[in-house]
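Structure first, commentary second.
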Amino acid sequence: MVIFGSGYALSSMADMAWLRRTRVYYWGDIDTHGFRILDRLRAKLPNARSIMMDRRTLLAHEQHWVREESPVNAALSGLTDDEAALYRDLVEGVFGENVRLEQERVRFSWVEAALAKL
């Protein structure tokens, strides 16, 4: 199953027992809230994997970045090392102030290629 967004409402979906028996891929915005949601999802579904929430995707879509209005800065223990490094870079403004790549702004060809690899 591929979960496209759902924001913080995703937490209620993670309580569905059948999700624990399937492969779950999550794709959210590349911003601090997107990683916080992924962290919360993994608290309930530890094997959930992210797709297109990586440095390569972010940098390939720089022309589509927008500003994250209210970023979070929290300890997120459920991220992989690469996810945690990108989250920290977003928090610290490495790419600029409050950088955000909304999932809707990712090129469709990029999405197709990523999904084909699953």
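Computed 3J(HN,Hα) for segment 51-68, one whole-Hz value per residue from the Karplus formula 6.51 cos²θ - 1.76 cosθ + 1.60 where θ = phi - 60°, is 10, 6, 10, 9, 4, 4, 5, 4, 5, 6, 10, 4, 5, 9, 5, 10, 9, 7, glycine and proline marked x. Specify which labelled value, from [x] 13, 34, 23, 17, 11, 2; [y] 10, 29, 27, 22, 10, 1; [z] 14, 48, 33, 5, 0, agrees with P(r) over Cα pairs in 10 Å bins from 0, in percent derived from the coordinates of the model shown. Here P(r) over Cα pairs in 10 Å bins from 0, in percent agrees with entry [z].
Between the amide H of SER50 and those of TYR26, distances stay under 5 Å, these residues lying 5 or more places away or on another chain, with hydrogens modeled in the peptide plane.
Taking the DSSP bridge list for the chain and keeping only pairs wholly inside it, about 40 percent are antiparallel. Pairing the Cα long axis of helix 81-92 with the longest principal axis of the chain, what angle in degrees results, from 0 to 90 and rounded to the nearest 10? The answer is roughly 40 degrees. Across segment 70-78, rounded Karplus estimates of 3J(HN,Hα) from the backbone phi angles (6.51 cos²θ - 1.76 cosθ + 1.60, θ = phi - 60°) give 9, x, 10, 9, 10, 6, 10, 8, x Hz, Gly and Pro being marked x.
Let me have the 222 nm mean residue ellipticity of the chain computed from DSSP H runs of 4+ only, each contributing -39500 (n - 2.57), with the sum over all residues rounded to the nearest 500.
Estimated from H runs of four or more residues: -10500 deg cm²/dmol.
Taking the fewest neighbouring Cβ atoms within 10 Å as the starting point, the ordered list for LYS44, LYS117 is LYS117, LYS44. Helix 32-44 and the longest principal axis of the Cα set of the chain meet at an angle near 20°.
List every residue whose amide H lies under 5 Å from the amide H of VAL99, counting only residues 5 or more places away in sequence or on a different chain, with H placed 1.01 Å from N in the peptide plane. HN-HN under 5 Å from VAL99: GLU68.
Computed from label points 7 Å out along Cα-Cβ, the spacing between ALA17 and THR80 is 3.0 nm.
Bear in mind that the values in this text are calculations on the coordinates, not laboratory data. Everything numeric here is computed off the predicted structure, so don't read it as measured data. All Cβ positions, even for glycine, are placed from backbone atoms using ideal geometry, and neighbour counts span all protein chains on display.
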